[in-house]
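Chemist: Sharing a structure, written as structure tokens. Questions coming.
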Amino acid sequence: MRVCSVHGCPELYPTSEGSKCRAHRAQADHARGTARERGYTTKGHQTFRNAVLTRDPICVTPNCTAWATVADHHPRTRRELLNLGLNPNDPNYGRGLCVTHHNQHTAATTPGGWANQ
């Protein structure tokens, strides 16, 4: 069992359920918005994803030989590209990553998740 990572929350929950209690996970998920609200179901994003993964079929992380399954916006996030008036669906702003390296990068660079950017 572990204590919820949200400051001031004393809720205990199974370690296997992540870093937040069920209530705070639900709250964070709601604040995050749907994939559609974040722009990940549009035809433009699907074109971006296909182009990036075609160009980078293997994870671009050095010494990784896993298949790339995630089209990651890099070096700027999708939100930063939008704020700069750039096209986030341009494959030049993406790279192919395996799920493990994408999750590690996201955890390190966007603590609290997409909604906290």
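Chemist: Which of the residues spanning region 56-86 are assigned to a loop (DSSP other than H, G, I, E, B), out of contact with any His (no Cβ under 9 Å at 6 or more places or on another chain) and either exposed (fewer than 13 other Cβ atoms within 10 Å of the Cβ) or in contact (Cβ under 8 Å) with a residue 40 or more places away in the chain (or both)?
Modeler: Asp56, Pro57, Pro62, Asn63, Thr65, Pro75, Thr77, Leu84, Gly85 - these are the residues of region 56-86 that are assigned to a loop (DSSP other than H, G, I, E, B), out of contact with any His (no Cβ under 9 Å at 6 or more places or on another chain) and either exposed (fewer than 13 other Cβ atoms within 10 Å of the Cβ) or in contact (Cβ under 8 Å) with a residue 40 or more places away in the chain (or both).
Chemist: A further question follows. Only one of (1) loosely packed, with under 14 Cβ neighbours inside 10 Å; (2) at pLDDT 80 or above is not met by Pro91, so which one is it?
Modeler: Among (1) loosely packed, with under 14 Cβ neighbours inside 10 Å; (2) at pLDDT 80 or above, the lone unmet condition for Pro91 is (1).
Chemist: I'm trying to understand the selection: among the residues of region 87-105, which are in contact (Cβ under 8 Å) with a residue 12 or more places away in the chain and assigned to a helix (DSSP H, G or I)?
Modeler: Across region 87-105, the qualifying residues are Pro91, Tyr93, Val99, Thr100, His101, His102, His105.
Chemist: Take region 7-18 and flag every residue that is over 20 Å from the mean Cα position of the chain (by Cα), within 17 Å of Ala28 (Cβ to Cβ) and of a type outside the set (Phe, Trp, Tyr).
Modeler: Those that are over 20 Å from the mean Cα position of the chain (by Cα), within 17 Å of Ala28 (Cβ to Cβ) and of a type outside the set (Phe, Trp, Tyr): His7, Gly8, Cys9, Glu11.
Chemist: Would you say Leu86 is in contact with an Asp or Glu (Cβ under 9 Å, 6 or more places away or on another chain), among the aliphatic types (A, V, I, L, M), more than 26 Å from Ser19 (Cβ to Cβ) and modelled with pLDDT of 90 or more?
Modeler: Against the criterion (in contact with an Asp or Glu (Cβ under 9 Å, 6 or more places away or on another chain), among the aliphatic types (A, V, I, L, M), more than 26 Å from Ser19 (Cβ to Cβ) and modelled with pLDDT of 90 or more), Leu86 qualifies.
Chemist: Checking Val70 against (1) at pLDDT below 85; (2) of a type in the set (Val, Ile, Thr); (3) under 16 Å from the mean Cα position of the chain (by Cα): exactly one of these is not met. Which one?
Modeler: (1)
The values are calculated or read from the model by the stated rules, or taken from the named source; none is laboratory data. Computed from a prediction, not measured in an experiment: that's the story for all the values here. FYI the Cβ positions are ideal-geometry reconstructions off the backbone, even for glycines, and counts take in every protein chain you see.
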